[in-house]
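A short write-up of the structure that comes next.
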């Protein structure tokens, strides 16, 4: 939303992207969106090997 041309908010776009000064230098932009939208966020599935395989 921060990079769209349509910005209809009372605050500036820069404040939305960088609400605090230290975030400007440490901002992380995720490469993908949410996992399967909200369902995937609420129902995570671990694809790791069993804990016994790490011993």
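The values are calculated or read from the model by the stated rules, or taken from the named source; none is laboratory data. Because the structure is a prediction, the values reported are computed rather than measured.
Examine region 39-47 for a residue that is under 13 Å from the mean Cα position of the chain (by Cα), at pLDDT 80 or above and assigned to a helix (DSSP H, G or I), and state whether such a residue exists.
Scanning region 39-47, I find no residue that is under 13 Å from the mean Cα position of the chain (by Cα), at pLDDT 80 or above and assigned to a helix (DSSP H, G or I), so the answer is no.
Could you check region 20-38 and list, in sequence order, the residues that are in a loop (DSSP other than H, G, I, E, B) and at pLDDT below 85?
If the condition is that a residue be in a loop (DSSP other than H, G, I, E, B) and at pLDDT below 85, then 27, 28, 29, 30, 31, 32, 33, 34, 35, 36 are the ones that fit.
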